[in-house]
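The values are calculated or read from the model by the stated rules, or taken from the named source; none is laboratory data. Small disclaimer: the values here were computed from a predicted structure and weren't measured. Reconstructed Cβ throughout: ideal geometry from the backbone, glycine too, with neighbour counts over all protein chains shown.
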Amino acid sequence: MKATLCDGIDWVGHVDWIVRDFHGYDTELGATYNAYLIRDEKVALIDTVKAPFAEDLLAHIAALTTPDKIDYVICNHAEPDHASAMPVIMAALPNATVVCNSKCRLALGRHFDTSDWRFHEVTTGDRLPLGKRSLQFINTPMVHWPESMFTYVPEEKILFSMDAFGQHYASSQRFDDEVDLPTVMEEARAYYANIVMPYGQRVKKVLTAAAGLDIEMIAPSHGIIWRSHIDKIIAAYHDWASYKPKPKVLIIYDTMWNSTGEMAKAILEGATQPGVETHLLHIRHTSLTRLVTEVLDAAAIAFGSPTLNTGMMPMAAAALTYLKGLRPSNKAGFSFGSYGWSRGGPEAINDVLEQMRWEITHEPVKAQFRPTPEILERCRLAGMDLARRATLMSKGYSATESTNQVGDDNV
């Protein structure tokens, strides 16, 4: 399987149809490890693949050229899903020099024995001539590793964007206009939420730098290649990097004997308002991957758990640990839950929401053993409050500004 981006530039990567777990990320639609071969007076390989697929990569290369003709291996990113095949690849390419930035060279040296590899270090603004084409380099630190880098071919207006603009999506097709676009955009949203979300400020800087380039194709390291909908994916990245919310409310919860579940459904009733998207997510019935993907563009979130051993339920704690690491911003919300002879679950959740610097709309909503009609009505009012805030935030108000607009706590 191969695909041509333009005359002399081909995809030579690997489609991983069966992978379903990517260090905790649910890859229900598989993944790809994209590598690209540029044939000019000099021949360059852009990135490699995951170690088990090294021979597949070499076979794709051999269909286009002989290994001894490859002059450069460009390493945009040293993470093993892209670079772990490099020991096999470098052994098979006797004349190749590794082109990367200084931090990438250091990272490769920590992963592999690189003592007999030739290196050419580059940084932002450097240019490497290949013949009628050239390569330009842009350092993109913390999008999403410190050594991350873009490679740009100005003569063809192609940006090799490393993990940015990628998706975990296996397909026999290689381009965005050959597949179902809504599915690809949803996978791009999941990829951003679960991998790139903590680096929003860095992403903004990268988007600013990329805006100065004339781009007609974006070739990421995972998923399909963008050639017909570049404006759509870049606009989405601008929104995601700015934590621009939709008028959307999530009710995320775990429950033991359904007391917290009853409260969650009452919050949902209140939040279900015209123009507001709502989702009820039971933590143990929802993957962390999907949960975080929904959080990415949600404005307001109610998070609930009953008390267990003076704390929250284990999977609620796991979900919050994952969320806290991804640092979703510009969110409003509150905690809720039931308790028996001791308190602790909703209070523990509230502590984490505060640590994430979310706008806490009011104190935890709690019910002892079973929620009374009065508590359920309070939950409905709290849901209505979240819906109002979500609407305001989708219009450009921040989470804090939404509090000033809604007024005093009415629940």
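Among Ser342, Ser329, Ser335, which is closer than 28 Å to Asp239 by Cα, free of Cβ contacts under 8 Å to residues at least 40 places away in the same chain, in the same structural domain as Arg380 (by TED's automatic domain parsing) and small (Gly, Ala, Ser)?
Ser335
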Notebook entry, point to check: Quick one: in the stretch 346-382, which of the residues that are in a loop (DSSP other than H, G, I, E, B) and in contact with a strand residue (DSSP E or B) (Cβ under 6 Å, 6 or more places away or on another chain) is surrounded by the fewest Cβ atoms within 10 Å (Cβ to Cβ)?
Noted result: His362
Checklist line | Residue in the stretch 295-345 that is surrounded by the fewest Cβ atoms within 10 Å (Cβ to Cβ), counting only those that are of a type outside the set (Gly, Ala, Ser) and in contact with a Leu (Cβ under 6 Å, 6 or more places away or on another chain) | finding: Tyr322
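Given the criterion in the same structural domain as Asn76 (by TED's automatic domain parsing), closer than 20 Å to Lys42 by Cβ, basic (Lys, Arg) and surrounded by 13 or more Cβ atoms within 10 Å (Cβ to Cβ), identify the matching residue among Arg118, Arg127.
Details: Arg127 fails: surrounded by 13 or more Cβ atoms within 10 Å (Cβ to Cβ).
Answer to the check: Arg118.
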Next item on the list: Among the residues of the stretch 30-42, count how many are part of a strand (DSSP E or B), in contact (Cβ under 8 Å) with a residue 60 or more places away in the chain and touching a Leu at 6+ places or on another chain (Cβ under 8 Å).
Entry: 2
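So, of the residues in the stretch 182-230 that are among the hydroxyl-bearing types (Ser, Thr, Tyr) and either over 10 Å from the mean Cα position of the chain (by Cα) or within 13 Å of Gln167 (Cβ to Cβ) (or both), which turns out to be surrounded by the fewest Cβ atoms within 10 Å (Cβ to Cβ)? Please lay out each step first, then the result.
Our first condition is that a residue be among the hydroxyl-bearing types (Ser, Thr, Tyr); within the stretch 182-230, this holds for 183, 191-192, 199, 208, 221, 228.
Still in the running and either over 10 Å from the mean Cα position of the chain (by Cα) or within 13 Å of Gln167 (Cβ to Cβ) (or both): 183, 191-192, 208, 221, 228.
On the way: Thr183: 13, Tyr191: 27, Tyr192: 29, Thr208: 9, Ser221: 26, Ser228: 13.
Going through the qualifying residues, I end up with Thr208.
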Notebook entry, point to check: Quick check: is even one residue across the stretch 46-67 modelled with pLDDT of 95 or more, within 23 Å of Leu135 (Cα to Cα) and in a strand (DSSP E or B)?
Noted result: yes
